[in-house]
Amino acid sequence: MQPSRDRFDLGRRWRPALLSYFLRRVRDHAEAEDLTQELIAKLLKHEADNLASPDAYIFQMASNLLADRARRMKVRAQYREMVSRAEDAGIDPIDPFRIAAGRAELSDLACALAALPERTQTIFILYRLENLSQDKIAETFGISVSAVKKHVARAMAGLMKAMGSVS
């Protein structure tokens with residue numbers, strides 16, 4: 001039962017010194033508290049009984065925590081700067097929610113496109129996605145240009161209705 005008592009005393013003994021150490025370096029009491037708690041939790045999980053110099057080990061761990069914190073802050077700052085530059089250039093930042101929403105919309109569009117009559121679907125794909133001219137499509141299908149326009153208009157109306165753009 002003695003080792004667990006020593007571990008409890010270890011946390012109580014080192015908390016003030018660690019808090020002071022972190023406060024001098026981060027100058028934010030809440031952050032220093034968080035770092036102190038994190039280090040004490042790591043110490044309590046670790047078998048510190050066999051250490052030749054526990055003082056040096058504890059403060060090396062504290063130094064490593066500060067280095068990790070500095071790296072995280074640097075990465076976050078770089079990300080914020082990149083997002084800011086992208087927004088200034090008119091580029092929307094990529095985020096997982098927008099990616100998922102975009103994939104869902106694309107899936108809905110594919111379903112709506114598949115629901116169109118085959119000929120209307122093919123004409124729409126050739127005109128809007130393959131950038132084929134209406135004249136070339138009309139010639140290929142042996143129909144008039146106005147019939148191609150009607151197929152494209154029907155496809156657009158069906159897609160808009162399916163996608164919820166038109167009430």
Within the stretch 9-53, of all residues that are modelled with pLDDT of 90 or more and among the aromatic types (Phe, Trp, Tyr), the one nearest to Leu65 (Cα to Cα) is Phe22
Just need a number here: residues in the stretch 57-80 that are over 20 Å from the mean Cα position of the chain (by Cα), at pLDDT below 90 and exposed (fewer than 15 other Cβ atoms within 10 Å of the Cβ).
-> 1
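Are any of the residues in the stretch 28-47 over 30 Å from Ser144 (Cα atoms), in a helix (DSSP H, G or I), assigned by TED's automatic domain parsing to the domain that holds Gly158 and not polar (S, T, N, Q)? Reasoning before the result, please.
At the first step, the residues of the stretch 28-47 found to be over 30 Å from Ser144 (Cα atoms) are 28-47.
Checking the rest, the ones that are also in a helix (DSSP H, G or I) come to 29-45.
Imposing the further condition that a residue be assigned by TED's automatic domain parsing to the domain that holds Gly158 reduces the set to none.
Looking for residues that are over 30 Å from Ser144 (Cα atoms), in a helix (DSSP H, G or I), assigned by TED's automatic domain parsing to the domain that holds Gly158 and not polar (S, T, N, Q), one finds none in the stretch 28-47, hence no.
The values are calculated or read from the model by the stated rules, or taken from the named source; none is laboratory data. Being a predicted model, the structure only gives us computed values, none of them experimental. No Cβ is skipped: glycine too gets one built from the backbone with ideal geometry, and neighbour counts run over all protein chains shown.
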